[in-house]
Amino acid sequence: MPLTDKYSKKVHDAYQVIQEKGGMTNANVTTLQKLLKYYPENKGLKVDGFYGGNTIEAINVFYDKYYWTPERKMQELKDRHGEKYIMQSEMEGMQETPPDTSGQGGY
């Protein structure tokens with residue numbers, strides 16, 4: 001299966017199942033590990049149903065490298081904090097910091 005947005009969503013959904021109460025089963029972890037093996041960095045990932053360091057590392061790489069697009073990050077912020085939070089953060093980011101004229105270098 002090619003590494004597409006749809007495939008990334010499958011991996012994300014499989015990870016979410018594990019995070020739910022009672023979801024940390026060997027069958028669910030095995031499913032997640034099989035999905036993660038499609039990514040080049042995880043070719044050596046052992047599919048054993050054990051949620052250990054190698055699986056956690058593979059998940060972290062997946063999210064950092066493939067899942068968290070700018071659009072998904074923005075949607076996650078909106079889902080967690082609401083539209084008002086996003087607008088406030090953007091407004092704060094647009095405010096200019098006055099230049100340091102003290103000669104101290106701002107430290």
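Of all residues in the range 63-85, count the ones that are part of a helix (DSSP H, G or I) and surrounded by 13 or more Cβ atoms within 10 Å (Cβ to Cβ).
Qualifying residue count for the region: 6.
Here is a yes/no grid of residues against (1) at pLDDT 85 or above; (2) within 13 Å of the chain's Cα centre (by Cα); (3) surrounded by 10 or more Cβ atoms within 10 Å (Cβ to Cβ):
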| site | (1), (2), (3) |
| --- | --- |
| L45 | yes, no, yes |
| G52 | yes, no, yes |
| V61 | yes, yes, yes |
| M87 | no, no, yes |
| E96 | no, no, no |
| G106 | no, no, no |
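What pairs come out if I take residues in the range 38-62 that are free of Cβ contacts under 8 Å to residues at least 60 places away in the same chain and pair them with residues that are loosely packed, with under 12 Cβ neighbours inside 10 Å whose C-beta lies under 6 Å away, six or more apart or interchain?
As it stands, the answer is G49/N26, since those pairs meet every condition given.
With respect to V11, determine if the residue is surrounded by 15 or more Cβ atoms within 10 Å (Cβ to Cβ), farther than 23 Å from R72 by Cα and aliphatic (A, V, I, L, M).
When the stated conditions are applied, V11 does not pass them.
The values are calculated or read from the model by the stated rules, or taken from the named source; none is laboratory data. What you see is a predicted model, and the numbers here were worked out from it, not measured in a lab. Virtual Cβ from ideal backbone geometry, glycine too; neighbours counted across all protein chains shown.
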